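Before I ask anything, here is the structure I am working with.
The values are calculated or read from the model by the stated rules, or taken from the named source; none is laboratory data. Keep in mind that what you see is a predicted model, and the values were worked out from it rather than measured. Cβ: placed from backbone, ideal geometry, glycine included. Neighbour counts: every protein chain shown.
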Amino acid sequence: MKRSKLPVPPKRRIGRKHSPADRNRPIPCEEGCGCKVLPGHGFLAAIDGVVYHFCCVDCADSYQENLQTEAARVIRERVGPGMRVADVGCGSGFYTAELADRVGPDGQVFAVDSSATNVGRTEEYLTRRGLRNRVTTLTAPTGSLTAIPSGGLDFLLSSDALCCTSERSTAFREIARVLRPGAVAYLRVSEDSPRSVRPLSTRERELRIAPFERLAGGHGAGSRWAILRNPPATGP
């Protein structure tokens, strides 16, 4: 993949706010690589009008590529301060961190994965990003979200997890349960993942998403995605 050089904004420091006492305090690279740099040093990059701080150009390019995915775009458009959200199938934690950054200190994020190793990686990444206290991590199957209260979420993201469970009907029922009426979910399913239990046929896909209102959808790069809204409550 050809990498594009990110513009360095002139006469600007860093996107995060720092007090005078913080000016000489090392901060983590936004990519979460583990490196730390001093404010005003390292590599500054402007992405979508926001200035980020990286330790090197490679980290800046990698972060930009992740931000260009459909899931990242939906997070930026749909998630805001104070919201309660979930990342089901959190993997290494990139989207979990983006969710935590968007909800702010008054929001809450649930990060769920069936792999304890992945949950550990997510916790380490969140710690490096300074976002660990905003996230509740759970080691549980994709179809078991019992730790999340019914109607407790404003937004749910699941990227490449639903293709890796044999309990898809249960998983979709759980997603509908934890979303409040009118809340939105972004679901992405890989069509060629080596971890896939079985291909998700067109018939099964349409059957599973039928209870939701479909707002948008598409496919590409061996996957399909959809933005779904939980139907609003009806009656008194």
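Would you check which residues across the range 75-118 are out of contact with any Cys (no Cβ under 7 Å at 6 or more places or on another chain), among the aliphatic types (A, V, I, L, M), within 22 Å of Glu167 (Cα to Cα) and modelled with pLDDT under 95 and list them?
Once the filter is applied, which keeps residues that are out of contact with any Cys (no Cβ under 7 Å at 6 or more places or on another chain), among the aliphatic types (A, V, I, L, M), within 22 Å of Glu167 (Cα to Cα) and modelled with pLDDT under 95, the range 75-118 yields Val88, Ala116.
If the Cβ limit is 6 Å and pairs must be 6+ apart or interchain, which residue in the range 132-151 that is assigned to a strand (DSSP E or B) pairs with which residue that is among the small types (Gly, Ala, Ser)?
Short answer, once both residue conditions are applied: Val135/Ala100; Val135/Ala111; Thr137/Ala111; Leu138/Ala147; Thr139/Ala116.
Next question, about the same structure. For Val135, are the conditions met, namely being touching a helix residue (DSSP H, G or I) at 6+ places or on another chain (Cβ under 9 Å) and of a type in the set (A, V, I, L, M, F, W, C)?
Against the criterion (touching a helix residue (DSSP H, G or I) at 6+ places or on another chain (Cβ under 9 Å) and of a type in the set (A, V, I, L, M, F, W, C)), Val135 qualifies.
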